[in-house]
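The values are calculated or read from the model by the stated rules, or taken from the named source; none is laboratory data. Just so it is clear, the model here is predicted, and its values are computed rather than measured. Backbone-built Cβ (ideal geometry, glycine too); neighbour counts: all protein chains shown. For the accessible areas, the whole protein counts, side chains as well, though only heavy atoms, and no ligand, DNA or RNA atoms are used. Shrake-Rupley method; radii C 1.70, N 1.55, O 1.52, S 1.80 Å.
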Amino acid sequence: MEFKHENGTYTVYLSGRIDSGNAPEVEREVQAIGIPPQAPIVLDLEKLDYISSAGLRVVLRIKKSNADTKIINASRDVYDIFEMTGFTEMMEIEKAYRVMSVEGCEVIGEGANGLVYRIDADTIIKVYKNPDSLDEIHNERELARKAFVLGIPTAIPYDVVRVGNLYGSVFELLDATSFAKLVIAHPEQLDTLAKESVEILKTIHATFLKKGALPDKKAEAMGWVQCCKPFLEPGAYNRLYALMDAIPDKYNMLHGDYHVKNIMKQNGENLLIDMDTLSEGHPIFEFAAIFLAYVGFSCVDRDNVKGFLGLDYDLAVRFWEQTLAFYFAGKDSAFIEDVALKASIIGYTRLLRRSAEKLGLETEMGKKLVDYCKHFIEENIDKVDSLYFVTED
């Protein structure tokens, strides 16, 4: 056993085995450190191979004497013992995660929260940008599980790993290829791929949830509007606010980040990845996000979509247009153009907020984006009577 005292926290490193033969000695050594009752304790079990019921009783007594005690780096076998005996319900216990490297690996997708790498023919890994992302990872796993149970074709992560100082979710996707790569390699198949993407999109939107089952996209969008207030003319802001607020409360499932890098084809089957943005709401919010991915993010620099999705701007615009055409098959062109305008107004509302907060007016790109979004909203907000279309549910 070893220990260190740093910033008021005592970290105790345990290794080998703790069983009935040595548990009393381990407890005496911990007591000999002289840790004050109020001091936080971290038990680092990275090198601990086994713990018996006698060892569990030692941990329990340490926890009772120092309420702020947690366990880190428990191996899978050791963690299973803690979980089976109920310790994970009474104290914080973190698993040890195997270490993986993405050096030299191809980036096949990127979302707001992470990058997706191809590790080998069988495996992809989503690496989260936030170093404290364990809660996000467990949330995405639960969302993917819910979607899968409801009939959404999605890949479910089977492992959590460390990548440098970040965490990642590992998926098995045997020889899967993103729609982005398929469109780039076979542009003549764009219409077919757009139609297939719409089939999944309709499956998602046809899934209805109980209120509160997922984050409310309309509530999020109202936040975007409020952030736009300092930038818009009062009349335009008031109308934008009123029209956004008038969008009916719906409980359709929404993917939230639906584009060709998040749709994978595996052995003829199409699967979704990057499920951490699942939400509920009116499908118009989905189309606003799709518009941004294919068109809106490139409003002041048409090369943006090339860096984001790998597609030339004209190809991305065509995919957006075909998505609308297939989704609203049977509707006239005026209806589709109206939906596109509504989606773009909502999309640029989101982009204005994002640009102002993340880039700021002090940067040239931030100022250009804010100005573009501002003028677009002000010039078009009076051209629509609403910001939604009537759904068929």
Residue hits (the stretch 238-256; in a helix (DSSP H, G or I) and either more than 20 Å from Gly296 (Cα to Cα) or in contact with an Asp or Glu (Cβ under 7 Å, 6 or more places away or on another chain) (or both)) are Asn238, Arg239, Tyr241, Ala242, Leu243, Asp245
Residue hits (the stretch 368-393; farther than 21 Å from Asp245 by Cα and touching a residue at least 24 places away in the same chain (Cβ under 8 Å)) are Lys368, Leu369, Val370, Tyr372
Here the residues within the stretch 97-109 that are outside any loop (DSSP other than H, G, I, E, B), of a type in the set (A, V, I, L, M, F, W, C) and surrounded by 11 or more Cβ atoms within 10 Å (Cβ to Cβ) are Val107, Ile108
Within the stretch 82-96, the count of residues that are in a loop (DSSP other than H, G, I, E, B), out of contact with any Ser or Thr (no Cβ under 7 Å at 6 or more places or on another chain) and crowded, with 17+ Cβ neighbours inside 10 Å comes to 0
For Leu193, the lone unmet condition from (1) buried (at least 19 other Cβ atoms within 10 Å of the Cβ); (2) in contact with a strand residue (DSSP E or B) (Cβ under 8 Å, 6 or more places away or on another chain) is (2)
Scanning the stretch 10-19 for residues that are closer than 20 Å to Lys95 by Cα and not hydrophobic (A, V, I, L, M, F, W, C), the one surrounded by the most Cβ atoms within 10 Å (Cβ to Cβ) turns out to be Tyr10
- Task: Would you confirm whether any residue within the stretch 213-225 is surrounded by 22 or more Cβ atoms within 10 Å (Cβ to Cβ) and assigned to a loop (DSSP other than H, G, I, E, B)?
- Result: no
Expected output for the stretch 1-12 (first residue farther than 15 Å from Thr69 by Cα, partner surrounded by 11 or more Cβ atoms within 10 Å (Cβ to Cβ) and β-branched (Val, Ile, Thr), Cβ below 8 Å, 6+ apart or cross-chain) is Met1/Val12; Met1/Val26; Met1/Val30; Glu2/Val12
Pairs returned, first residue in the stretch 228-252 that is buried (at least 19 other Cβ atoms within 10 Å of the Cβ), second residue that is at pLDDT 95 or above and of a type in the set (Gly, Ala, Ser), beta-carbon separation under 6 angstrom, 6 or more apart or interchain, are Met244/Ala221; Lys250/Gly281
Filtering the stretch 369-393 down to residues that are open to solvent by 100 Å² or more (accessible area, probe 1.4 Å) and assigned to a helix (DSSP H, G or I) yields Glu379, Asp382, Lys383
field: Some residue of the stretch 350-367 being in contact (Cβ under 8 Å) with a residue 12 or more places away in the chain and either among the small types (Gly, Ala, Ser) or out of contact with any helix residue (DSSP H, G or I) (no Cβ under 9 Å at 6 or more places or on another chain) (or both)
entry: yes
In the stretch 164-190, anything closer than 30 Å to Lys95 by Cβ and either of a type in the set (A, V, I, L, M, F, W, C) or surrounded by fewer than 17 Cβ atoms within 10 Å (Cβ to Cβ) (or both) is listed as Gly164, Asn165, Leu166, Val170, Phe171, Glu172, Leu173, Leu174, Asp175, Ala176
By residue number, the members of the stretch 20-60 that are surrounded by 17 or more Cβ atoms within 10 Å (Cβ to Cβ) and among the acidic types (Asp, Glu) are Glu27, Asp44
